[in-house]
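See structure below.
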Amino acid sequence: MAPPRAGPRRRPGLVTLTSDLGWAYAAQVKGALLRACPTVPLVDLTHELPRHRIAEAAFVLRAMASSFPPGTIHVAVVDPGVGGQRAPLAIRCGEGSVLVGPDNGVLAPLAHALGDPRAYRLDPRRIEPHGRVGTTFDGRDLFAPAAARIACGEPLGRLGTVAPFQDRRIPEAVRGPRSVVGEVVHVDHFGNLISNVPSEWVPESPVGLAVAVGRRRPVGVPWVRSYEAMGSGRLGTLGSSFGTAEVAVAEGSAAVRFKARTGTPLRFRWSRAGVGATERVNSAPSLPRHRR
Amino acid sequence: MAPPRAGPRRRPGLVTLTSDLGWAYAAQVKGALLRACPTVPLVDLTHELPRHRIAEAAFVLRAMASSFPPGTIHVAVVDPGVGGQRAPLAIRCGEGSVLVGPDNGVLAPLAHALGDPRAYRLDPRRIEPHGRVGTTFDGRDLFAPAAARIACGEPLGRLGTVAPFQDRRIPEAVRGPRSVVGEVVHVDHFGNLISNVPSEWVPESPVGLAVAVGRRRPVGVPWVRSYEAMGSGRLGTLGSSFGTAEVAVAEGSAAVRFKARTGTPLRFRWSRAGVGATERVNSAPSLPRHRR
Amino acid sequence: MAPPRAGPRRRPGLVTLTSDLGWAYAAQVKGALLRACPTVPLVDLTHELPRHRIAEAAFVLRAMASSFPPGTIHVAVVDPGVGGQRAPLAIRCGEGSVLVGPDNGVLAPLAHALGDPRAYRLDPRRIEPHGRVGTTFDGRDLFAPAAARIACGEPLGRLGTVAPFQDRRIPEAVRGPRSVVGEVVHVDHFGNLISNVPSEWVPESPVGLAVAVGRRRPVGVPWVRSYEAMGSGRLGTLGSSFGTAEVAVAEGSAAVRFKARTGTPLRFRWSRAGVGATERVNSAPSLPRHRR
């Protein structure tokens, strides 16, 4: 008897696409997916990630993809090592989602966020039975057809074999009693500096809050709840939509102001928590604050 | 007996997405929508509107969304006041479309264009029964799940209560016998200055047409039917795809040439209408001229 | 009895959209398509092609669209001559795909790649029975509704009449025994110079490879298999994802380095093929090498 899930599903699973390829190259990935599975529902997340930046891609992908429903297939192609030896992967997570892409660490933080990851090393000979001559566009020629077959219900065990994967983690901030040391993990398209400091590590109404960017001196900064509250051109710190603290310049670019980029250290310190802050932090330590 | 439309529809309604969030944040909105309604058809309009510019967003949204079929759900997140007191809205229009977003005026011109608007103030407690702690990303946490439930057929009366909405209008141009005074309401991605002057207010073949941008002196300008007719680097005026007159520099940027932006005044004047123009204007006053 | 395919199909055909319109104008095209056929599946390829560049659009469209499944409807709106005399076209290709857009050469290379093209000149009176007054946004008002009706199964013969089409070809490179002369046919969003030189015309491990860009002197350049192999800021030549040779600067812009653009001549020469190169070229002359 046929095993469950061995054949095509009635409705193919949802596939999301994330890359640093730009829209024109990404179009070829979409074509290859639809050629292998013409009714697969596709959702573009972005194709304009900063090029070849593994750590930043891993952070942004985790934030973008983790709000999707269980069972989604997430394809992520940020692949500076294409043509080299890194393995092609598909990772099934506990809640049924599958991550597809090169084994360079981009998928790992999302895999851990979704939980219970089990990785398969994709076998190109099973996915491209006729082979390729000299091509190294794995996004189109390997990951797209693999994702299409997964979306149509093919089990991962038919496309590859269980294997370990590169276990990159988002760098962790270090917490003191009245300070946190972290770093910029993403510069968004407004020039806001997104840190790896969980928003709830900074008290909600801190007194004497200051931020030091890179090797610069600390500058006093208000903790605000909205850009509007900052005033045009003014500096502020707030909870980002990634669940972490962010340094922003209202209607300006903090990245330009501080000459900062991904990897730049960020230190927050404050003299004491404001009224009501302790209670909030204690009652809901696991839920990030967001804005937008 | 169950009232009509009270339960989920067979096929969820089409949802369009418009924002100034950039693609990476918009991905989180899409994930939240699909989590609440996995088969909802999504169409991105744009996520790169100029940031926090309510008036311009309202103008562009009206133009983009009004060509969609009746029954479409349009989500628009341009929300400088997030975290503040502005109400979250869903507006049902006469032809069955629903507009979802903050009550800051972005939705109003589209609502009037679609006709017969009836607004509901969304109740976060009905949409997010478990609450949020400190987050202010309403696009993802409130508007997306609300839109998903509307797309699946849930009546607005279950998500909120009837309420007034902020009644912003697109600024109106003022018409003289041989002149019009308006303003720039949008600078498109080519740098063309899109005005609020209905194209048919300028005669089709005006003699002695001149345009004054901001406080600059009027300069003579041809009324053309295509960019091609202008000649590279040359100034021209034509009917825009928004149904209004536009000032453009062929293969260049009128915004740079005139240092103009949204809100910059624009005055057109002409000495007399050319041959055939009067007839065209009279016979079809309500239909805009477009190009592209 | 009704002829086969004369009525609407059960599931509308897939429609792809390519343009230089920017996302805001493209939204109006999508709305018009969905208004005419509310369940049509849409896939954006890109709306940010370099503006009004026919030759470049033709090259990129062919690369993007040719990986899509047979039966796809490709709409391409790069239309500097809108409002002029160029014909509106729909071209059915042998494998069932249909190309829709203005007759200015953008569609021709894709039509030839798909094979057996048969063009119809669209009749606006059959597509817009109530006419238009003065508008020239054919992407929204003519091509979108035509594509929607084709996607719903309407035969081309009902929308227009068989006609010739402008037969533009991608410029061809010229091959010598140890050199190739071609040109830049696309500058991608990284600034890489994509040539019209088939990758397999350059031997895989050429000795003494040099490239001359424009009227500059030849410079020695390695043939690499990945950007990573080049080293930051270094020049390299590799097989592009378009199947042709590309000149790139790792983590930089070759277009800026050489002040090159579409149409700039490119000459490759080498002193002899490296080990193993001849065999590869001989055994698989028709398959391009790719990267990414």
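The values are calculated or read from the model by the stated rules, or taken from the named source; none is laboratory data. These numbers were taken from a predicted model, which means no experiment stands behind them. Neighbour counts are summed over all protein chains in view; Cβ atoms, including those assigned to glycine, are modelled from backbone coordinates with ideal geometry. Note: accessible area is taken over every heavy atom of the protein model, side chains too, but ligands, DNA and RNA are not part of it. Shrake-Rupley method; radii C 1.70, N 1.55, O 1.52, S 1.80 Å.
Structural remarks
- Among all residues of the range B:233-243, there is at least one that is modelled with pLDDT under 90, more than 24 Å from C:Ala32 (Cβ to Cβ), open to solvent by less than 60 Å² (accessible area, probe 1.4 Å) and assigned to a loop (DSSP other than H, G, I, E, B).
- As for the range C:85-94, it holds at least one residue that is modelled with pLDDT under 95 and polar (S, T, N, Q).
- Of all residues in the range C:95-108 being open to solvent by 10 Å² or more (accessible area, probe 1.4 Å) and touching a helix residue (DSSP H, G or I) at 6+ places or on another chain (Cβ under 7 Å), the one that is modelled with the lowest pLDDT: C:Glu95
- Filtering the range C:30-54 to residues that are more than 9 Å from chain B (Cβ to nearest Cβ) and either of a type in the set (D, E, K, R) or open to solvent by 20 Å² or more (accessible area, probe 1.4 Å) (or both) leaves C:Pro50, C:Arg53, C:Ile54.
- From B:Val174, B:Val197, B:Val202, B:Val211, residue being surrounded by 21 or more Cβ atoms within 10 Å (Cβ to Cβ), without any contact (Cβ under 8 Å) to a residue 60 or more places away in the chain and more than 30 Å from B:Gly31 (Cβ to Cβ): B:Val211
- Qualifying residue in the range B:146-166 (condition: of a type in the set (Asp, Glu) and under 23 Å from the mean Cα position of the chain (by Cα)): no
- Yes/no for B:Val82 being farther than 26 Å from C:Leu33 by Cα, in contact with a helix residue (DSSP H, G or I) (Cβ under 6 Å, 6 or more places away or on another chain) and aliphatic (A, V, I, L, M): yes
- The residues in the range C:1-20 that are at pLDDT 90 or above and either within 13 Å of chain B (Cβ to nearest Cβ) or assigned to a loop (DSSP other than H, G, I, E, B) (or both) can be counted, and the count is 7.
- Number of the exception - A:Ala27 against (1) open to solvent by less than 10 Å² (accessible area, probe 1.4 Å); (2) touching a residue at least 12 places away in the same chain (Cβ under 8 Å); (3) at the interface with chain C (Cβ under 10 Å from one of its Cβ atoms): (2)
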